[in-house]
Amino acid sequence: MAATGNTKQATLKIDDKSVELPIYSGSVGPDVIDISKLYGQTGMFTYDPGFTSTASCESKITYIDGDAGVLLYRGYPIEQLAQGDFLETCYLLLYGELPTATQKKDFDDRITKHTMVHEQMARFFQGFRRDAHPMAVMVASVGALAAFYHDSTDISDPKQRMIASMRMIAKVPTLAAMAYKYSIGQPFVYPKNSLDYASNFLRMCFAVPCEEYEVNPVLAKALDRIFILHADHEQNASTSTVRGAGSSGANPFACIAAGIACLWGPAHGGANEAALQMLAEIGTVDRIPEFIKAVKDKSSKIRLMGFGHRVYKNYDPRAKLMQQTCHEVLAATGHQNDPLLKVAVELEKIALSDEYFISRKLYPNVDFYSGITLKAIGFPTSMFTVLFAVARTVGWISQWSEMIQEPNYKISRPRQLYLGSEKRDYIPVDKRG
Ligand SMILES: CC(C)(COP(=O)(O)OP(=O)(O)OC[C@H]1O[C@@H](n2cnc3c(N)ncnc32)[C@H](O)[C@@H]1OP(=O)(O)O)[C@@H](O)C(=O)NCCC(=O)NCCS
């Protein structure tokens, strides 16, 4: 345990027995009570479904202050990192420090040179139905990378861990673009090493062999920023899944595939799609009051999608940057009069001045504007979560690597509150009544 400040103690009283539990302080944020010896001392487990009050690990990567609306990667505010580029953020998350100019160039070169996937992968894709969801294809194809790099990935060797991490950051966009191309029946477009990360991704998604493709720099910049905003978010469900899978010593490509599977769910990566659908259903600004009324009516079960967050009880700092990016993209693509944007802007204004939302601390989250933005860039809704996976790959692999480096990391093995049958005897089927 490397946590600092083990001077405070918590006392837990159970009947007439007292147990002293050490309290640790992080560099910022809430203290934690160490309950790892509780079972040995009391024979009891703690109970915290959904981990709402449980820190599952130590980490030095990302910090969120949900009440203040703060998101830091390695101590740097997201707003400041958004001035740089995504590969700089990748370097920071992986290595812990911002790169020098030489380190940055070297890192960019190395990522660029790993973007191609084994040609056999193209044949692997042919096995999927054309209408397969691209997230299903991502889970399978990223998992399949484990088959290409299993023997060459000794996770106890820091060098090999870093090579695996770079391969992952480089190849996941290539697979994502292939998943998209396959779904629309177009040929795969190979990566182009002269382009930056986001431009290369746009080209792999939208170029066709029969004509030249010019990357729109505004869209590339916007996508790059979207990647930065989604790069990491501390111990969320998919990251915890990656750590959980990796805790058994599994192949890192397989662990990232597990993270992608978790991200796929509507409660995690799918919310921007839901927000876009909601805006389309509202349709016009004059229908907003009726919609807000329905949201406030608990029996309707309607939620304002893209609003509220488990951790942020203040404006999600990523949402502000996403709103700005949205306006830039819509202007660059000639969609500045998009009715969905008008609905979004007005809906946000109304909700932020409404007592229902104010009293519950419900603010726009990153998903409120990201759906409209991605749609304007040209992505179909089925690709939204795939783009999230491309961006989050660096967060997952950085968290995985941090865990493996921890000398005493343990396999994740939560306990349970068992409510099933007590021991009972088996009766052969012909004797059951
Ligand atoms: C993200 C989310 C699941 C967080 O939920 P949570 O922290 O567990 O908050 P709760 O579900 O306990 O909600 C607290 C209160 O706010 C209300 N609320 C929360 N989000 C709401 C929303 N988007 N629209 C309307 N009411 C909402 C709840 O009804 C509840 O009201 P009550 O106290 O009167 O019962 C929730 O805000 C949500 O469903 N948002 C919409 C989906 C979304 O955008 N998800 C993306 C997250 S990045």
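Quick notes on this structure:
- Calculated FRET efficiency for the pair K113/Q83, C-beta based, R₀ 30 Å, to 0.05: 0.70
- Label point distance in nm, A294-T7, each placed 7 Å from Cα along Cα→Cβ: 5.7
- Structure-based [θ]222 nm, the chain - -39500 (n - 2.57) summed over DSSP H runs of at least 4, per residue, nearest 500: -15000 deg cm²/dmol
- Gyration tensor (alpha-carbon) shape descriptor, segment 4-55, a/c threshold 1.5: oblate
- If R0 is 41 Å, the Cβ-Cβ spacing of N314 and R415 corresponds to a FRET efficiency of close to 0.75.
- Checking every one of the GluC sites (Glu not before Pro) in segment 162-254 against DSSP loop status and a limit of 11 other Cβ atoms within 10 Å picks out E211, E212, E214.
- Shape class of segment 271-377 from the alpha-carbon gyration tensor: oblate, with a/c at 1.5 or above and b/c at least as large as a/b.
- In Å², nearest 10: area of K8 left accessible to a 1.4 Å probe: 100
- Ordered from longest to shortest, the equivalent ellipsoid semi-axes for segment 163-283 are 27, 21, 14 Å, each the square root of 5 times a Cα gyration tensor eigenvalue.
- The label-point distance for D67 and E281, in a model that sets each label 7 Å from Cα toward Cβ, rounds to 3.4 nm.
- Stretched out straight at 0.36 nm per residue, the stretch from L98 to I358 would grow longer than its current Cα-Cα span by 89.9 nm.
- Three-way shape label, segment 305-433, alpha-carbon gyration tensor, a/c 1.5: prolate
- Isotropic mean projected area of the C-alpha convex hull, the chain (nm²): 28.2
- Annotation: extensible slack from E58 through E346 equals 99.6 nm (criterion: 0.36 nm per residue apart, minus Cα-Cα distance).
- Between Q160 and D16, the simple label model (points 7 Å from Cα in the Cβ direction) yields a spacing of 5.8 nm.
- Rolling a 1.4 Å probe over the protein heavy atoms of the chain, with every protein chain left in place, gives an accessible area that is 54 percent carbon and sulfur.
- Taking amide H as placed 1.01 Å from N in the peptide plane, G308 has its amide H under 5 Å from the amide H of Y363, N365, each at least 5 places away in sequence or on another chain.
- Listed by chain and number, the lysines placed with their C-alpha closer than 30 angstrom to that of K221 are K60, K104, K105, K113, K171, K181, K192, K313, K320, K342, K349, K375; residues fewer than eight positions away on the same chain are left out.
The values are calculated or read from the model by the stated rules, or taken from the named source; none is laboratory data. Fair warning: this is a prediction, and the values are worked out from it, not measured in the lab. As a convention, Cβ positions derive from the backbone with ideal geometry for all residues, glycine included, and neighbour counts pool all protein chains shown. The protein model used for the area step is the full one, side chains on, heavy atoms only, and it has no ligands, DNA or RNA in it. Shrake-Rupley method; radii C 1.70, N 1.55, O 1.52, S 1.80 Å.
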